[in-house]
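Below is one structure; the comments refer to it alone.
The values are calculated or read from the model by the stated rules, or taken from the named source; none is laboratory data. Just so you know, these numbers come straight off a predicted model, no measurement behind them. In this analysis, Cβ positions are derived from the backbone assuming ideal geometry, glycine residues included, and neighbour counts consider all displayed protein chains. The accessibility values were calculated without ligands, DNA or RNA, using every heavy atom of the protein model including side chains. Shrake-Rupley method; radii C 1.70, N 1.55, O 1.52, S 1.80 Å.
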Amino acid sequence: YNGRINVAIDGPAGAGKSTVARKVAESLGYIYVDTGAMYRAVTLAANRSGIEPHESDRLKELVESIHIRLKPGVEGQTVLLNGEDVTQAIRTRDVTLRVSQVASHEAVRTRLVDIQRELAALKGIVMDGRDIGTQVLPQAELKVFLVASVQVRALRRYQELNENERIPLNQLEEEIAQRDHSDENREISPLTCAKDAVVLDSTELTIDQVVALILDLSRTKLAEAK
Ligand code: CDP
Ligand code: CDP
């Protein structure tokens with residue numbers, strides 16, 4: 001035991017996972033790992049190579065040949081795809097609309113889960129995603145399943161859109177519901193709450209309230225681990 005724990009945060013889109021995970025990591029002096037960014041980077045690479053999200057064999061070849069790296073930094077995490085900074089490029093709508101289908105392929109998941117487990121080997125990691133508590137880090141000392149109503153999640157994402165990205169709120173809500181449905185119903189590592197996860201509903205909580213709750217839980221787990 002080296003005095004550190006791993007924290008797994010899972011949940012649907014817009015529940016607040018990345019915002020909260022980043023702050024929790026900062027407070028604990030841990031490293032934040034955004035696994036969604038890795039699935040987005042594979043999706044961007046596929047888009048650029050003209051690979052459709054259903055082309056299983058081509059996706060397998062792609063994911064086994066590209067290099068994805070997450071670089072933690074003071075201004076947040078940088079995502080590198082074959083050395084290129086794609087931190088912004090992976091957030092576009094054409095990536096968002098395809099990422100769930102790309103993430104459903106076994107070869108894609110196997111490769112990314114290997115990288116994720118390696119990153120967490122030394123502990124002191126806060127990792128967010130869909131299958132962290134169930135699949136990637138089933139031994140994580142603390143697991144949080146963060147949820148919020150789909151209306152609130154859509155509104156949060158709506159407020160993040162730039163002028164040139166504006167789509168109607170109800171369309172955004174529909175797209176988020178669709179992605180939740182794909183993530184919850186895929187065959188491999190679907191989005192589900194681990195048996196030993198603490199469920200937090202952030203619908204009516206501020207970011208700081210959620211962070212404080214998770215920090216409390218972390219301190220309890222740290223004391224137990226000693
Ligand atoms: O930030 P947002 O909630 O929009 O999504 P994300 O965390 O960037 O993840 C994008 C997509 O990647 C999800 O909708 C899932 O389809 C997939 N994903 C996954 O399958 N497993 C993970 N551990 C993380 C993301
Ligand atoms: O990573 P995930 O998709 O779960 O959500 P996010 O990108 O961290 O958060 C979506 C948006 O909701 C961000 O703009 C947050 O500032 C906002 N928000 C939140 O995360 N938690 C709250 N309790 C309230 C707002």
If the label point is 7 Å along Cα→Cβ of residue 107, which residues in the stretch 63-92 have backbone nitrogen under 13 Å from it? 63-66
Largest first, what is the accessible-area ranking of 97, 70 with a 1.4 Å probe? 97, 70
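Placing unit charges on C-beta atoms (Lys and Arg positive, Asp and Glu negative, everything else neutral), compute the dipole magnitude of the stretch 164-226 about its Cα centre in debye, rounded to 20. Present the calculation step by step, with values, prior to reporting the outcome.
On the way: 7 positive and 14 negative charges, 82 e Å.
Rounded to the nearest 20 debye, it is 400 debye.
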Can you give the charge dipole size of the stretch 106-226 about its Cα centre, rounded to the nearest 20 debye, using +1 on the beta carbon of Lys and Arg and -1 on the beta carbon of Asp and Glu? 440 debye
Give the Kirkwood hydrodynamic radius (Å, one decimal) of the stretch 1-109, defined as one over the mean of 1/r across all pairs of different Cα atoms. 14.9 Å
Which number gives the lysine pairs in the chain that have C-alpha atoms under 26 Å apart and are eight or more places apart or on different chains? 23
Find how many whole Å separate the alpha carbon centroid of the stretch 56-116 from the alpha carbon centroid of the stretch 137-186. 19 Å
According to the Kirkwood expression over distinct Cα-Cα pairs, how big is the hydrodynamic radius of the chain, in Å? 17.9 Å
Per the C-alpha gyration tensor (a ≥ b ≥ c, the square roots of its eigenvalues), the stretch 51-100 is rounded if a/c is under 1.5, else prolate if a/b beats b/c, else oblate; here it's oblate
Measuring from label point to label point, each 7 Å out along Cα→Cβ, what is the residue 65 to residue 160 span in nm? 3.1 nm
Let me cross-check residue 104: its accessible surface, 1.4 Å probe, with only protein heavy atoms counted, in Å² to the nearest 10? 40 Å²
Which order do peptides 179-185, 4-10 fall in by mean Cβ count within 10 Å, highest first? 4-10, 179-185
Between residue 170 and residue 78, take the C-beta separation as r, use R0 = 30 Å, and let me know the FRET efficiency to the nearest 0.05. 0.35
